1. Yes or no: residue 152 at pLDDT 80 or above and more than 19 Å from the chain's Cα centre (by Cα)?
2. Determine if the range 124-135 includes at least one residue that is hydroxyl-bearing (Ser, Thr, Tyr), more than 28 Å from residue 36 (Cβ to Cβ) and free of Cβ contacts under 8 Å to residues at least 12 places away in the same chain.
3. Since residue 22 meets every condition but one in (1) without any contact (Cβ under 8 Å) to a residue 60 or more places away in the chain; (2) under 20 Å from residue 152 (Cα atoms), which condition does it not meet?
4. Taking the condition modelled with pLDDT under 95, of a type in the set (A, V, I, L, M), surrounded by 16 or more Cβ atoms within 10 Å (Cβ to Cβ) and part of a helix (DSSP H, G or I), does residue 83 pass?
5. For residue 63, only one of the following conditions fails: (1) farther than 22 Å from residue 148 by Cβ; (2) surrounded by 10 or more Cβ atoms within 10 Å (Cβ to Cβ). What is its number?
6. Over 18 Å from the mean Cα position of the chain (by Cα), of a type in the set (A, V, I, L, M) and buried (at least 17 other Cβ atoms within 10 Å of the Cβ) - does that describe any residue in the range 101-110?
Amino acid sequence: MSRKPVRTYFPQTRLAELAARPGGIARSDAIEGALKSIEGMRADADSTITKSIAAIATVVYSARAGQLTELEIYKVLRLADQIVTLSGTFCYGPLDRVSRKLCDLTDGLIRSRQYLAAPIAVFIQSLQLLSPGIDTLGEAEIEKIEAELAKVLDHFGFQSLAKPGVAEDAEISLGAV
């Protein structure tokens, strides 16, 4: 039994021809367009950050006898996570770092079943000082705030939720290509 080689014929279709052509837009143009699109959303993000900080404050300052319920502390964690996402996206470095520390604190409180409002209130004040549109703090003041908040985490013995080897304060500039 002899086998003859099989010939396969692929007909040229318009779709195949279009798919084979180079096209689209240049990488730099795509990045520039994406950056402009992100910048167009900055006002909405700033508003959402401000509302999230206010919502956390409302939850914490309405705590009874300095204790939050489990539902309330999970709400604080969700709102803090939203601030982390937006502050990281829009390059609000100090706000991003402080909100990450708030997530670490809240997660630690949940894990240890300590639903305390007081340590979260300290973070609320820091978030308000660092919120978008408030540029009254210099680098020295920001470093002092972050150092004091780190003491709160150390007091409770809570660790960062960041994966090992991932820089906690790594920032990507929207202007970098």
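The values are calculated or read from the model by the stated rules, or taken from the named source; none is laboratory data. Note that the structure is predicted; figures quoted are calculated from it, not measured. All Cβ positions, even for glycine, are placed from backbone atoms using ideal geometry, and neighbour counts span all protein chains on display.
1. It is true that residue 152 is at pLDDT 80 or above and more than 19 Å from the chain's Cα centre (by Cα).
2. no
3. With (1) without any contact (Cβ under 8 Å) to a residue 60 or more places away in the chain; (2) under 20 Å from residue 152 (Cα atoms) applied to residue 22, the lone miss is (2).
4. When the stated conditions are applied, residue 83 does not pass them.
5. Residue 63 satisfies every listed condition except (1).
6. There is at least one residue in the range 101-110 that is over 18 Å from the mean Cα position of the chain (by Cα), of a type in the set (A, V, I, L, M) and buried (at least 17 other Cβ atoms within 10 Å of the Cβ).
Rundown of residues vs (1) more than 17 Å from the chain's Cα centre (by Cα); (2) polar (S, T, N, Q); (3) modelled with pLDDT of 90 or more, yes/no style:
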{"residue": "131", "(1), (2), (3)": "no, yes, yes"}
{"residue": "134", "(1), (2), (3)": "yes, no, no"}
{"residue": "169", "(1), (2), (3)": "no, no, no"}
{"residue": "173", "(1), (2), (3)": "no, yes, no"}
